[in-house]
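K.L.:
Next up is a structure, given as structure tokens.
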Amino acid sequence: MPAAKSMRYAHSDGFTDVCYEESGRYILTCGSDGDVRIWDGIEDDDAISHRCGDKSFAIAIKGNRYFAATDTNTIQAYTFPDGTPDGILTRFTAPANHIVLNKSGSTLVAGASDFTIKIVDVSNCSYKTCQGHEAPVLSVAIDPKEEFLVSSSCDGTVRLWKMSDRSQIQSFSLLPKCSDASLSKTMCRMCWEPENGKILFIPVQKEIHMYERETWKKLSTLTDSSFTEHVSVLAVSPDGKYLAAGGSDGWICVFNLQSKKCVDKHKNEKGLSIMSLAWNPKGNMELVFCDNQGQLGQLSEISITEKEKDDEGSSKVASGVFDDEDDDFLIQATNDDDTMASDDDMTGVTSKPTQPLFSDDDGDSIPDFKKADDDASSITSEKSEIPKPEVRIEGFKPTPLQRPFQPGSTPEHLSSRFMVWNSVGVVKQYNSDDENSIDIEFHDTSIHHAMHIMNNFNYTMSDLSTEAVVLATEGDSDAASKLTCMHFSSWDNNKEWSISMPDEEEIQCVTLGEGWLAAATELRNLRLFSVAGVQKEIFTLPGPVVCMSGHQNQLMIVYHRGMGIPGEQCLGVSLLDVREWKREIHGEPLPLSSKSTLAWAGFSAEGTPFYMDSTGIVRMLCRNMGKTWVQVANTRTNAKGKSDHYWIVGIHENPQQLRCIPCKGSRYPATLPRPAPVILPFQIPLCELATEKSQYEESLWRTNLLSGHFDHWTRQGFEFDETIKAEALKPAQEALMKLFALSARSEREARALEVCDMMSDQHTLQLAIKYSSRMRYMQLAQKISELAVRKAEEEEAKQYAQSYEEESRSTPYTSVSRAEQYETEYIEETQEQDVDMEEDESSSGPMLAIKVKEDKQDKSQNPFKSRSNPFKVSSQQSSSSFTKGTQVFDSMSKKKEKPSPLFPLDTKSTKSQKKGSQPKLFMKKKSEPVKTNKIEEAASQKPASAFDLWLEENCERLKESHQETDEEEFSKYAAEQFRALAKEERQTWVKKAKASSEKSKENSIDTEPKDNSENKKRKRDDTDSEEGVKKHRDSIETDVKKTPLSQTTNSKLANFAFKKDDS
């Protein structure tokens, strides 16, 4: 008897299926508990378990994928050994009872309780249906040559089919009839002779019938007296010499197909029905089986010679060779055989006469499909020596390229599927024997009413927008690939148009934009059309297309850019503007997770590219970070089970919404019942997200990333309400303040300052300064104030550059001498600063000098801070010491009733900006002091440059030669002519310009003493009033800017300061 391992629990009570992995190392089982378990040998105490449904009925494996039939009426593919779902091959309307694979693993055949049999192409999930059974299908078996298919059913018949045309060629009424597979007395698991399919084996009651190929005549039967009930399952050994049969009474018998005799048998410990059998593909005569209580067992050391030797000699031994009381005799006989097999002289064995093969009492014979060994010693040697596993050296196997697909669509092989589901609507296709139609529904019925059309051209691709719906066919040998567009937003009556592709050019992907549509073909051509049907641009893609998506003027194309490393795809992405033909992204690699494929690609409602891979990772294009792809969500973290997935139907950045359909045990949703979308949150994968600090950081960066579309809109010239952007960025500002407070409380002042550096507006910085002062972090408050000054300067310079650029574009003629004008104003500003320094030197007292120095530093750094009066005597000047850092908060502590901010942002504060600051060149003041016409006229006069004087004299001559040019071109030409003058001639014009400038300065000096005297009088009157000091300062600023001071004026002011100091 064979050596039987102890039965072990595999699954709960019910049907249990078992199979071997190709190497013979792993055993796979599935059962009524819905799990698939992977055993590393029968002794494995920690089998890997993968959930695939509530119940599992059949399992098959080939290569790195295994397939399971579940109670969801689907055949689901999984990766081996990690058990990751890898798509649905096909669907039934009832559970599938049995599945088998061909030798190459390219074809899968499944029989289901809905009376149908499907022949599925594993590579593309296309299928063919065999119909004819009148009851649930029990089992199926594929001919090794893949010419024939045999099936058994509860209707009591066994039918033979021709796989090429699915025609039925033979039918046998051999089985008892019943209404359901669970009520059948036999599973009727049939098999073929594995080499070339010469023999078909069918279990019938207590026998095994053998049928000849082609003629389908019964050749012989195999049976054993041990069977008391129906034989249920059959399995042929890999070498084709032995057949294992399992019965409903728990017996397992192994038959020698040459002698048609039972050579070994075993009975289940509890006499339970055998549900499945599988031979080890290594050929080491190991057999695994499962019973109807989910127990797993294994038979090894199956005898293949004892029965043959006893047939020659003693029938008495043959009749009792499997009795328990003859165990000692069997052991002794085995030892004798081993001794004979090891002896060098094998004449005792070889001299025995051999009986003819394939002879029985009826005189029937079957074809000799395996040549018998003439030497019995060779058989004994095969038993004693376990064959060594073959050493396979495999080379590089390229990863199969991902097939083209439509984002938001389900596989084409489904009889009821989604052609597209996006933010506009849903397009559903029904493809069955009774109906072939398309339903188009809109989420917003105000766009268009729902439509129902007949799918007479077998459309398989679709896309939907607010303007049109596009449909496309792949084409075949009889008809060319066709593109159809229904432009329902058109104002005319002809809203539909079609166009056929050239011969041998099939459409693979389609997409719609704003006023255009695109189709990518098998010849790597991308064709653009208008929605009205005008053929437009056509260009070639760098590689085979994978998918496309459109939004307004943007077109995103994903294609294969090369061959990836083993197990991975190498995809490229291009992002185009089809109106202005700007290429935003050109052939950049599309980053995917390890061992994954692309599952969805498209745009958010705001126009930002997104995509998701098969592992559930969602990434977006961040244009503000150098156009990099950033992970913003992981849908797998929200899935309840390992086999659950989410199917994206739309993305919104404001509000932050990832709209998906949950798919339990599948990657795609079913059309009925209509699935309900759910909203998943975005989440940036930062470290330690459970901590408070990381949560604030995640909220900050997530808000900034998902608000980047506002900047893109600005660059594109779109107008939008700034309050919307401010509201969208509000969570980021709150996160910054919370992160700053957390850093300050944790005494991480350097980190808190870094957080302040990320604050964009002065108001938030003021809050940070107040918070620091309240918490008595004076050094931090000082650092933040310095940071605020620097940020204010940068903002001022940015505004100045923008204003300069705008004015340069608006006044092209004056832009020729713009540099000279700003150089003159810079000299005037320097002179004004010299005057300020001389005034400051007249102050006395150490504390006053320090205070004045600090005020000057603030004035030079912060244009938003009001200037202080250098001549005002403060009550705090008598103090000879002060606390470091406290001067930052002087403005907050002086007035307790109404504290003034450190850096006021209102428009009134711009009047007290530093003299000669750059923004004043482009700003108009609301109020100006009343002046005489003479002063205004003198201030408005600006010294003419050498170029201006030369151009005034030679303007007429130059215009004669350039009469047709515009002012900008004329200015450039005049500047070139002036540079071409001789050096001596240019010096002459420079001297004339200086003389003119001195005259204008003298005129301004004549008007200044009176003005200064008025200012001095005003100063003496308002010395004790702070408001008077401010008026005095504003008056000086205005007059000094409009009337540049000469050296004479500087000396007068210096003498005045020294005289006051001496007195």
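The values are calculated or read from the model by the stated rules, or taken from the named source; none is laboratory data. Owing to the predicted nature of the structure, the values given are computational and were not obtained by experimental measurement. Glycine gets a Cβ as well: all are built from the backbone with ideal geometry, and neighbour counts include every protein chain shown. Ligands, DNA and RNA are excluded from the accessible area calculation, which covers all protein heavy atoms including side chains. Shrake-Rupley method; radii C 1.70, N 1.55, O 1.52, S 1.80 Å.
K.L.:
Which numbered condition in (1) among the polar types (S, T, N, Q); (2) open to solvent by 70 Å² or more (accessible area, probe 1.4 Å); (3) within 27 Å of residue 627 (Cβ to Cβ) is the only one that residue 695 fails?
P.N.:
Among (1) among the polar types (S, T, N, Q); (2) open to solvent by 70 Å² or more (accessible area, probe 1.4 Å); (3) within 27 Å of residue 627 (Cβ to Cβ), the lone unmet condition for residue 695 is (3).
K.L.:
Further, regarding this structure: Please work out which residue is surrounded by the most Cβ atoms within 10 Å (Cβ to Cβ), limiting yourself to the stretch 98-146 and to residues that are acidic (Asp, Glu) and more than 20 Å from residue 66 (Cα to Cα).
P.N.:
It comes out as 143.
K.L.:
Here's something else I'd like to know. Kindly provide the set of residues from the stretch 162-179 that are part of a loop (DSSP other than H, G, I, E, B) and touching a residue at least 40 places away in the same chain (Cβ under 8 Å), ordered by number.
P.N.:
Matches in the stretch 162-179: 163, 166, 177, 178, 179.
K.L.:
I would also like to ask the following. Taking the stated definitions as given, is residue 922 at pLDDT below 65 and either at positive phi or crowded, with 17+ Cβ neighbours inside 10 Å (or both)?
P.N.:
no
K.L.:
Pick from the stretch 181-194 the residues that are surrounded by fewer than 17 Cβ atoms within 10 Å (Cβ to Cβ) and over 46 Å from the mean Cα position of the chain (by Cα): which of them is farthest from residue 147 (Cα to Cα)?
P.N.:
It comes out as 183.
K.L.:
Still on this structure, I have one more. Any residue that is among the hydroxyl-bearing types (Ser, Thr, Tyr), closer than 19 Å to residue 73 by Cα and in contact with a Gly (Cβ under 8 Å, 6 or more places away or on another chain) - is there at least one of those in the stretch 128-141?
P.N.:
Yes, because at least one residue in the stretch 128-141 is among the hydroxyl-bearing types (Ser, Thr, Tyr), closer than 19 Å to residue 73 by Cα and in contact with a Gly (Cβ under 8 Å, 6 or more places away or on another chain).
K.L.:
Between a first residue in the stretch 448-461 that is surrounded by fewer than 18 Cβ atoms within 10 Å (Cβ to Cβ) and a second residue that is part of a loop (DSSP other than H, G, I, E, B), which pairs have beta carbons less than 7 Å apart while being 6 or more apart in sequence or on different chains?
P.N.:
Within 7 Å, the pairs are 457/473; 458/473.
K.L.:
Looking only at the stretch 749-796, how many residues end up being within 20 Å of residue 726 (Cα to Cα), open to solvent by 30 Å² or more (accessible area, probe 1.4 Å) and outside any helix (DSSP H, G or I)?
P.N.:
Qualifying residue count for the region: 3.
K.L.:
Going by what's in this entry, would residue 160 be described as surrounded by 15 or more Cβ atoms within 10 Å (Cβ to Cβ), more than 29 Å from residue 31 (Cβ to Cβ) and in contact with a Ser or Thr (Cβ under 8 Å, 6 or more places away or on another chain)?
P.N.:
The answer is yes for residue 160.
K.L.:
Moving on to the next point. Which members of the stretch 959-982 meet the condition of being under 21 Å from residue 807 (Cα atoms) and part of a helix (DSSP H, G or I)?
P.N.:
Selection gives 967, 968, 969, 970, 971, 972, 973, 974, 975.
K.L.:
Does the stretch 28-36 include one or more residues that are within 19 Å of residue 294 (Cβ to Cβ), touching a Lys or Arg at 6+ places or on another chain (Cβ under 6 Å), β-branched (Val, Ile, Thr) and surrounded by 16 or more Cβ atoms within 10 Å (Cβ to Cβ)?
P.N.:
Taking every residue of the stretch 28-36 in turn, at least one turns out to be within 19 Å of residue 294 (Cβ to Cβ), touching a Lys or Arg at 6+ places or on another chain (Cβ under 6 Å), β-branched (Val, Ile, Thr) and surrounded by 16 or more Cβ atoms within 10 Å (Cβ to Cβ).
K.L.:
Just checking, does the stretch 256-267 include any residue being within 53 Å of the chain's Cα centre (by Cα), buried (at least 21 other Cβ atoms within 10 Å of the Cβ) and not hydroxyl-bearing (Ser, Thr, Tyr)?
P.N.:
Among the residues of the stretch 256-267, not one is within 53 Å of the chain's Cα centre (by Cα), buried (at least 21 other Cβ atoms within 10 Å of the Cβ) and not hydroxyl-bearing (Ser, Thr, Tyr), which makes the answer no.
K.L.:
Output the number of the condition that residue 41 fails; it satisfies all remaining conditions of (1) open to solvent by 30 Å² or more (accessible area, probe 1.4 Å); (2) without any contact (Cβ under 8 Å) to a residue 40 or more places away in the chain; (3) of a type outside the set (Asp, Glu).
P.N.:
Residue 41 satisfies all of (1) open to solvent by 30 Å² or more (accessible area, probe 1.4 Å); (2) without any contact (Cβ under 8 Å) to a residue 40 or more places away in the chain; (3) of a type outside the set (Asp, Glu) except (1).
K.L.:
Sticking with this one: Considering each residue of the stretch 495-528, count those that are among the basic types (Lys, Arg) and either assigned to a strand (DSSP E or B) or under 22 Å from residue 580 (Cα atoms) (or both), and give that number.
P.N.:
Qualifying residue count for the region: 1.
K.L.:
In the stretch 65-111, what residues are small (Gly, Ala, Ser), out of contact with any Gly (no Cβ under 7 Å at 6 or more places or on another chain) and not in a strand (DSSP E or B)?
P.N.:
83, 94, 104, 106
K.L.:
Let me ask something else about it. Return a yes/no flag: does the stretch 741-751 have any residue that is without any contact (Cβ under 8 Å) to a residue 24 or more places away in the chain and under 21 Å from residue 656 (Cα atoms).
P.N.:
Looking through the stretch 741-751, none of the residues is without any contact (Cβ under 8 Å) to a residue 24 or more places away in the chain and under 21 Å from residue 656 (Cα atoms).
K.L.:
From (1) assigned to a helix (DSSP H, G or I); (2) of a type outside the set (Lys, Arg); (3) touching a Lys or Arg at 6+ places or on another chain (Cβ under 9 Å), pick out the condition that doesn't hold for residue 671.
P.N.:
Of (1) assigned to a helix (DSSP H, G or I); (2) of a type outside the set (Lys, Arg); (3) touching a Lys or Arg at 6+ places or on another chain (Cβ under 9 Å), only one is false for residue 671: (1).
K.L.:
So, one more: The conditions are (1) of a type outside the set (Asp, Glu); (2) assigned to a strand (DSSP E or B); (3) over 30 Å from residue 645 (Cα atoms), and residue 572 fails exactly one of them. Which is it?
P.N.:
Of everything listed in (1) of a type outside the set (Asp, Glu); (2) assigned to a strand (DSSP E or B); (3) over 30 Å from residue 645 (Cα atoms), residue 572 misses just condition (3).
K.L.:
On the phi > 0 side of the Ramachandran plot and open to solvent by 10 Å² or more (accessible area, probe 1.4 Å): does that describe residue 214?
P.N.:
Here the answer is yes, as residue 214 does meet what is asked.
K.L.:
Could you go through the stretch 410-421 and let me know if any residue there is open to solvent by less than 20 Å² (accessible area, probe 1.4 Å), of a type in the set (A, V, I, L, M), farther than 30 Å from residue 604 by Cα and not in a strand (DSSP E or B).
P.N.:
no
K.L.:
Taking strands (runs of 3 or more DSSP E) that fall entirely within the stretch 428-479, which contain at least 1 residues that are over 27 Å from the mean Cα position of the chain (by Cα)?
P.N.:
436-442, 451-454
K.L.:
Find all pairs meeting these conditions: Cβ atoms under 9 angstrom apart; at least six residues apart or on different chains; first residue within the stretch 935-959 and hydrophobic (A, V, I, L, M, F, W, C) and modelled with pLDDT of 80 or more; second residue assigned to a loop (DSSP other than H, G, I, E, B) and surrounded by fewer than 17 Cβ atoms within 10 Å (Cβ to Cβ).
P.N.:
Sorted first by the residue in the stretch 935-959, then by its partner, the pairs are 950/981.
K.L.:
Then there's this: Only one residue in 542, 566 is without any contact (Cβ under 8 Å) to a residue 60 or more places away in the chain and open to solvent by 20 Å² or more (accessible area, probe 1.4 Å). Which one?
P.N.:
After ruling out the rest, the residue left standing is 542.
K.L.:
Now, a different point. Which of the numbered conditions does residue 604 fail, given that it passes all the others? Conditions: (1) hydroxyl-bearing (Ser, Thr, Tyr); (2) touching a residue at least 60 places away in the same chain (Cβ under 8 Å); (3) closer than 19 Å to residue 404 by Cβ.
P.N.:
(3)
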